[in-house]
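The values are calculated or read from the model by the stated rules, or taken from the named source; none is laboratory data. What you see is a predicted model, and the numbers here were worked out from it, not measured in a lab. All Cβ positions, glycine included, derive from the backbone under ideal geometry; neighbour counts span all protein chains shown. Only protein heavy atoms, including side chains, enter the accessible area calculation; ligands, DNA and RNA are left aside. Shrake-Rupley method; radii C 1.70, N 1.55, O 1.52, S 1.80 Å.
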Amino acid sequence: ENMREDSLNEETKCLISSLPSHKDFLGKQLYNYQGCWYYPNTLQGVLNFQKGFKPQETDIILASFPKSGTTWLKALTIALFERFNNTSSSNHPLQSDNPHGLVPFLEMSLYHKTSTPDLTKFSSSPRLFSTHMPFHTLQAPFKDDSSRCKIVYVCRNVKDVLVSQWYFRCAYLGKEVEDKSILESSFESLCSGVGYFGPFWENVLSYWRGSLEDPQHVLFMRYEEIKSEPSAQVKRLAEFLGCPFTEEEHGSLDKILELCSLRSLSSMEINKTGKTSNNLNHSSFFRKGEVGDSKNHLTPEMETKIDMIIEEKYKGSGFKY
Ligand code: A3P
């Protein structure tokens, strides 16, 4: 769906003819806009967003590189705000829709086809949106300081992202994971930086710098830390989002962690059977959710090459992972 060119408007067709382009491993054309690679339809969504999005100070945007824990961050954020509504577990929003339906992507969903989407279903505050765009591209509509909203970025170890991407791609291409060709092409694309939403390191560093410059508005989280100290990290998230846990709220944090666990989310009916608006099975967003699973799949040579590239790219940034 995102790879097709048929919904591009004339302005975009003209723009893309001047952009650097490259074929991906399936032979689909990628275009580089503001340092990031997109398929044409996603680029149209980015442009629509930059043209039409009117931020509100109370908005919250959840950002990530694909396969870094986006679904988990969405579920946790929904659950943090939902706790004030006293919903019973059977009519919780997470039971009726997948986190990606509840927190839609700006460029791949809301603004995919129009610069003036109907946002009336976001009548209650805060409005929750998500994105894979790099920070500087997302910032375009935020020129005015009063409209600065809160952005939460989740980052994950690049090797685990690669393995997660491989499984995800096999699922939607209908390929067996035993077919290592998808792993190899995903590896090449990750290393070269030329891939959907790549380069990985530019995405991460853009938000890392954003969080250093404006910690009030940009929170940088790590998947591995949410796994190893979930309570502390979700408290940190709640404080940042302006809805901290109080002394009286006995057990509500534990309930949220349990509700949003991979086991709980993936066993919900909606996530076993549903599909997203762009036809991905909800179930494909839930797999193992482990730290270091890449060790089981990447060769030592692949690991060394990725380590070297990432070290080189992060050099001088002060960023460690
Ligand atoms: P694995 O493929 O390593 O299992 P994204 O949400 O950005 O698409 O990332 C998907 C990754 O997050 C997958 O990693 C998936 O299993 C993991 N994930 C999804 N829901 C999760 C949850 N509730 N807790 C922990 N990890 C989760």
Tell me yes or no: at least one residue of region 15-30 is of a type in the set (Phe, Trp, Tyr), in contact (Cβ under 8 Å) with a residue 12 or more places away in the chain and crowded, with 22+ Cβ neighbours inside 10 Å. no
Restricting to region 243-274, name every residue that is open to solvent by 60 Å² or more (accessible area, probe 1.4 Å) and part of a loop (DSSP other than H, G, I, E, B). Pro244, Thr246, Glu247, Glu248, His250, Ser267
Residue list for region 63-77, filter: among the polar types (S, T, N, Q) and either near the ligand (Cβ under 8 Å from one of its atoms) or open to solvent by 10 Å² or more (accessible area, probe 1.4 Å) (or both): Ser64, Ser68, Thr70, Thr71
Only one residue in Phe240, Phe245 is under 20 Å from Lys150 (Cβ atoms) and free of Cβ contacts under 8 Å to residues at least 12 places away in the same chain, so which one is that? Phe245
Being part of a helix (DSSP H, G or I), more than 14 Å from Ala63 (Cβ to Cβ) and either more than 14 Å from the ligand (Cβ to nearest atom) or open to solvent by less than 40 Å² (accessible area, probe 1.4 Å) (or both) narrows Leu205, Leu162 down to just Leu162
Flag for Ser211 being touching a residue at least 12 places away in the same chain (Cβ under 8 Å), open to solvent by 20 Å² or more (accessible area, probe 1.4 Å) and either assigned to a loop (DSSP other than H, G, I, E, B) or among the polar types (S, T, N, Q) (or both): no
When you scan region 228-242, how many residues do you find that are open to solvent by 40 Å² or more (accessible area, probe 1.4 Å) and either part of a loop (DSSP other than H, G, I, E, B) or among the basic types (Lys, Arg) (or both)? 4
For region 275-305, enumerate the residues that are more than 14 Å from the ligand (Cβ to nearest atom) and not in a helix (DSSP H, G or I). Lys275, Ser277, Asn279, Thr299
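Residues are listed down the side, and each one gets a yes or a no for (1) within 19 Å of the chain's Cα centre (by Cα); (2) open to solvent by 60 Å² or more (accessible area, probe 1.4 Å); (3) farther than 13 Å from Leu26 by Cα:
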residue: Ser147; (1), (2), (3): no, no, yes
residue: Val154; (1), (2), (3): yes, no, yes
residue: Asn157; (1), (2), (3): yes, no, yes
residue: Lys180; (1), (2), (3): no, yes, yes
residue: Ser186; (1), (2), (3): yes, no, no
residue: Leu190; (1), (2), (3): yes, no, yes
residue: Gly195; (1), (2), (3): yes, no, no
For Asn271, the lone unmet condition from (1) more than 10 Å from the ligand (Cβ to nearest atom); (2) out of contact with any Pro (no Cβ under 7 Å at 6 or more places or on another chain) is (1)
